[in-house]
Amino acid sequence: MTGRVGKIRNIVLVWLVWPLLTLGIYHLVWYFKVNREARDFDQRIEVRPGMAVVAIALGWILIVPPFISVFNTGERIARMQRAAGMQPTCNPWIGFVLIFIFNLYPLYYQHELNQIWDRYAHQEEGETVPLAA
């Protein structure tokens, strides 16, 4: 099995700076990209990035969908870590709790993703790499 490498991003820029500068739009773009990277990295991970964004963007109306989507994204990142041959350190429950603490889950999730991409540091974004599992 092979997958495509994602992008290493600065966690503070992802969490605070770009969302402030774009009035929150960057958060939705980042969320789409993270879920797309999960799908592209390991084809066994089933996710529809557009629907994940809809759950976050419009979920405030129904309340529950954003929480489920954030939790599921944490599980996807843990699966990506396994596929990269790493011990999974991403805990979706931590991401869930961080929603309520200054919305810190993007900072946490991007940090966990950066660990995966660091493993493939010699590869450019989008290059195909072998998966461990």
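At a glance:
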{"item": "About the Cα centre, charge dipole magnitude for the chain (Lys/Arg +1, Asp/Glu -1 at Cβ), debye", "result": "160"}
{"item": "Region 17-81: GluC sites (Glu not before Pro) in DSSP loop, at most 10 other beta carbons within 10 Å", "result": "Glu46"}
{"item": "Using alpha carbons only: equivalent-ellipsoid semi-axes of the chain, gyration tensor based, whole Å", "result": "24, 16, 14"}
{"item": "Added length on full extension, which subtracts the Cα-Cα distance from 0.36 nm per residue, Ile68 to Val54", "result": "3.8 nm"}
{"item": "Apportionment of accessible area to carbon and sulfur, region 1-72, percent (1.4 Å)", "result": "70"}
{"item": "P(r) tail fraction, region 70-113 - alpha-carbon pairs more than 12 Å apart, %", "result": "51"}
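The values are calculated or read from the model by the stated rules, or taken from the named source; none is laboratory data. Owing to the predicted nature of the structure, the values given are computational and were not obtained by experimental measurement. Neighbour counts are summed over all protein chains in view; Cβ atoms, including those assigned to glycine, are modelled from backbone coordinates with ideal geometry. Side chains are part of the model used for accessible areas, which takes the heavy atoms of the whole protein and leaves out ligands, DNA and RNA. Shrake-Rupley method; radii C 1.70, N 1.55, O 1.52, S 1.80 Å.
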